[in-house]
1. Report, by residue number, each residue of segment 44-66 that is touching a strand residue (DSSP E or B) at 6+ places or on another chain (Cβ under 8 Å), of a type outside the set (A, V, I, L, M) and farther than 23 Å from Q89 by Cα.
2. Outside any strand (DSSP E or B), surrounded by fewer than 14 Cβ atoms within 10 Å (Cβ to Cβ) and in contact (Cβ under 8 Å) with a residue 40 or more places away in the chain: which single residue out of P61, P51 fits that description?
3. Out of A114, A96, A42, report the one residue that is part of a helix (DSSP H, G or I), of a type outside the set (S, T, Y) and within 22 Å of R14 (Cβ to Cβ).
4. Suppose we filter segment 99-111 for residues that are assigned to a helix (DSSP H, G or I) and either under 19 Å from K5 (Cβ atoms) or polar (S, T, N, Q) (or both); how many remain?
5. Which of (1) over 18 Å from S111 (Cα atoms); (2) at pLDDT 95 or above; (3) touching an Asp or Glu at 6+ places or on another chain (Cβ under 9 Å); (4) β-branched (V, I, T) does V4 not meet, given it meets every other one?
6. Do you know which of the residues in segment 6-20 that are among the charged types (D, E, K, R) and surrounded by fewer than 19 Cβ atoms within 10 Å (Cβ to Cβ) is nearest to P77 (Cα to Cα)?
7. Give the number of residues within segment 50-66 that are within 20 Å of V116 (Cα to Cα) and in contact with an Asp or Glu (Cβ under 6 Å, 6 or more places away or on another chain).
Amino acid sequence: MSDVKTVLIVDDSRVSRMMIRALILAKHPDWIMEEAVSGEEALEKVRTVIPHLITLDINMPGMGGIAAAEVLVKECPQARIVLLTGNIQESLRRKAAQLGVGFVEKPITESCIASVLAYPGN
């Protein structure tokens with residue numbers, strides 16, 4: 001049972017959340033999936049859920065992925081956080097590196113999710 005992990009998928013796109021969920025569960029059918037549609041909702045979720053892995057879209061209404069990651073790295077030091085985004089600006093890559101979080105480009109595919117899962121600590 002110690003291999004069961006909780007994943008928090010944070011993306012404003014329902015389709016993206018469904019794809020991420022399906023691809024992770026295809027590899028790890030026993031993992032627990034939680035979802036949030038914004039950075040604010042992610043911060044609410046981590047009050048009651050202890051995620052091992054958090055995937056964050058960068059561009060979301062309200063609190064985006066970078067702002068959420070800045071808080072989540074402090075609130076959830078046990079979690080591995082990966083920005084999963086189509087916004088591939090170099091400045092965002094540098095900010096992710098400064099925060100110590102992963103950065104994986106969309107589109108959401110099997111290889112994209114494999115990169116998320118391979119991020120150190122997952």
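The values are calculated or read from the model by the stated rules, or taken from the named source; none is laboratory data. Note that the structure is predicted; figures quoted are calculated from it, not measured. Don't worry about glycine lacking a Cβ; one is built from the backbone with ideal geometry, like all the others, and counts go over all protein chains shown.
1. E44, K45, P51, H52
2. Details: P51 fails: surrounded by fewer than 14 Cβ atoms within 10 Å (Cβ to Cβ).
Answer to the selection: P61.
3. Checking each option against the conditions leaves just A42.
4. 2
5. V4 satisfies all of (1) over 18 Å from S111 (Cα atoms); (2) at pLDDT 95 or above; (3) touching an Asp or Glu at 6+ places or on another chain (Cβ under 9 Å); (4) β-branched (V, I, T) except (2).
6. Filtering segment 6-20 for residues among the charged types (D, E, K, R) gives 11-12, 14, 17.
Of the ones still in play, those that are also surrounded by fewer than 19 Cβ atoms within 10 Å (Cβ to Cβ) are 12, 14.
Numbers: D12: 24, R14: 27 Å.
Per the criteria, the residue is D12.
7. Let us first name the residues in segment 50-66 that are within 20 Å of V116 (Cα to Cα), namely 50-60, 64-66.
This time we only want the ones that are in contact with an Asp or Glu (Cβ under 6 Å, 6 or more places away or on another chain), so: 57, 60, 65.
Of the residues in segment 50-66, 3 are within 20 Å of V116 (Cα to Cα) and in contact with an Asp or Glu (Cβ under 6 Å, 6 or more places away or on another chain).
Residue by residue, here is whether (1) surrounded by 13 or more Cβ atoms within 10 Å (Cβ to Cβ); (2) of a type in the set (A, V, I, L, M, F, W, C); (3) over 15 Å from the mean Cα position of the chain (by Cα) holds:
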{"site": "E70", "(1), (2), (3)": "yes, no, no"}
{"site": "P77", "(1), (2), (3)": "no, no, no"}
{"site": "R80", "(1), (2), (3)": "yes, no, no"}
{"site": "L84", "(1), (2), (3)": "yes, yes, no"}
{"site": "N87", "(1), (2), (3)": "yes, no, no"}
{"site": "K95", "(1), (2), (3)": "yes, no, yes"}
{"site": "F103", "(1), (2), (3)": "yes, yes, no"}
{"site": "I108", "(1), (2), (3)": "yes, yes, no"}
